[in-house]
1. How high is the relative contact order of the chain, given as a whole-number percent (alpha carbon pairs under 8 Å, six or more residues apart)?
2. Please name whichever of Gln370, Gly320, Leu298 sits farthest to the positive end of the charge dipole of segment 292-389, dipole taken about the Cα centre and charges placed at Cβ: Lys and Arg +1, Asp and Glu -1.
3. Quick test of the membrane-span-like rule: which DSSP H helices of the chain reach at least 15 Å along their long axis (C-alpha atoms) with mean Kyte hydropathy at least -1.0?
4. Per residue of the chain, what 222 nm ellipticity follows from adding -39500 (n - 2.57) for every DSSP H run with n ≥ 4, rounded to the nearest 500?
5. Residues of segment 379-412 with amide nitrogen under 14 Å from the 7 Å Cα-to-Cβ point of Asp285?
6. By the gyration tensor of its Cα atoms, with a ≥ b ≥ c the square roots of the eigenvalues, what is the shape of segment 1-69: rounded for a/c under 1.5, prolate for a/b over b/c, or oblate?
7. Suppose every K and R has +1 on its Cβ and every D and E has -1 on its Cβ; what is the size of the dipole of segment 1-106 about the Cα centre, in Debye to the nearest 20?
8. Within 10 Å, count the other beta carbons around each residue, average over each peptide in 202-210, 71-79, and list them highest first.
Amino acid sequence: MVIIGGGYTGLSAGRHLKQMKPGMDVRVIESEICGYGASGRNGGFSITLFGLTKGITQFRFSDEKAKSAHGYMEQAVDYLHDFITGNNIDCDYERSGYLLVGTSPGQIKRVEHDFKIMERWGMGGVERWDKERLSAEFGSDFYKIGWFEPRCGILNPAKLARGMKEFAESQGVTVYEQSPVVGFSRNRGGGFTVRTETGDIGCEYLVFATNAYSVLFPELKSIQRPAFTHIVMTEPLSKIQLKSIGWGCRAGVEDARDLIHYYRLTKDNRIVMGGGDVSFGYGTDFNKDLNEKIFAHLEHHVIEVFPQLKGIRFTNKWGGPVSVTVDMAPVIGYLGKDKKCIFSMGCVGHGVSMTTTNGRAIADMIAGLQTSRTDMFFVGRKTFPWPPDLLSYGVSNAIRGFMKLEDRLYYK
Ligand SMILES: Cc1cc2nc3c(=O)[nH]c(=O)nc-3n(C[C@H](O)[C@H](O)[C@H](O)COP(=O)(O)OP(=O)(O)OC[C@H]3O[C@@H](n4cnc5c(N)ncnc54)[C@H](O)[C@@H]3O)c2cc1C
């Protein structure tokens, strides 16, 4: 079988399948190097969020389904933890938790609302942090309320991707890097021919683990669209700087704006700050990784939260594409009726833990197993198609504009 895309989804699907069916020829084909896509560039939060927000998932699907999605994500976070620690994957993993903070009256309402949803779902393991608790934890006046989920973790995303590649190879998966797939076709007698620049490969099963890049394949184009999110990173904090900002829990932090900020510490105590805005390419334009305006906003926000760091140097900036379906929820689906071509996409900015478990679900599907993963409501679900390029671009930017306005008016 052939898996196109060497990110977390593709590498996880490959190694799970090889473990289930050792005799199967499993190949992962990656156009650049494994981790080149979102998997190597993300914020490094392993969290339980499914889709964009709990509220949207609940509104779109139902309380019951949103609750089951949360259960899936809890297992995904635990499973990634077990995989990393059980196989000594060197990726600076810290199980330091996740903290959603409210920094303004509008955000406080939102955090309270999320907390109520979690109470209704009977969700355990989440703590409510008031201003006093937050002030004891952080050297910042910025936070007014928060909820803390200890199960979650932070990690170095590129090291995880490279570790997953090595692990997949150790299980017998063949990985080809620098091998862009340029097309595919169905064979008359069944199966597929996958075309690369250097040759064709025949296979019975085909998996698209191409996430946001799926827009480059006409057959998948309308299922999702890329949105680009951006990150800046500081130099390592000195001991005095680190002491001044507190952050003893080392939890990954997100605020409750529409266009959220997400930030965490690295192993060598840099601050990685991401989000704040998004950008879109027109059609298949992927040249959107760098955005100086957003980088400047993020640098400013680090100082807004921690004024005592004024003058700190920013050493790195980057961006990358996340995959967005029209209803902002993930999908694992089939292309064609024979169920031999599978795709997985739409994790928005919340795919670190989820894609590893989605890869496992894909392996279950190919092995013909019915499991709690393959039974999830987003497996084989119908998605609303994105409209043609001009309309999609217009709608995406209109939504972004609305979110910016809401942030300015209510969530600042
Ligand atoms: C800046 C940023 C921050 C994020 N932060 C977080 C976070 O903190 N927490 C979280 O949970 N999620 C986060 N995400 C989302 C998360 O990173 C993704 O959901 C996840 O990595 C997707 O993994 P994937 O394997 O499905 O896709 P990808 O990692 O994007 O892999 C797809 C691969 O397909 C390859 N490919 C594309 N076309 C072809 C072709 N024609 N032939 C061969 N190969 C091809 C690409 O090169 C790429 O390597 C973030 C994403 C970004 C971009």
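Read-outs: derived from the displayed coordinates by stated rules, not from any lab. Bear in mind the structure is a predicted one, so any value in this text is a computation, not a measurement. Positions of Cβ are backbone-derived with ideal geometry, glycine not excepted, and every protein chain shown enters the neighbour counts.
1. Relative contact order of the chain: 24 percent.
2. Ranked along the dipole, the leading option is Gln370.
3. Qualifying helices, which must be both long enough and hydrophobic enough, are 8-20, 63-86, 157-170, 292-305, 352-367, 389-406.
4. -11000 deg cm²/dmol
5. Answer for segment 379-412: 389-397.
6. In terms of gyration-tensor shape, oblate.
7. 320
8. Going by the mean number of other Cβ atoms within 10 Å, highest first, we get 202-210, 71-79.
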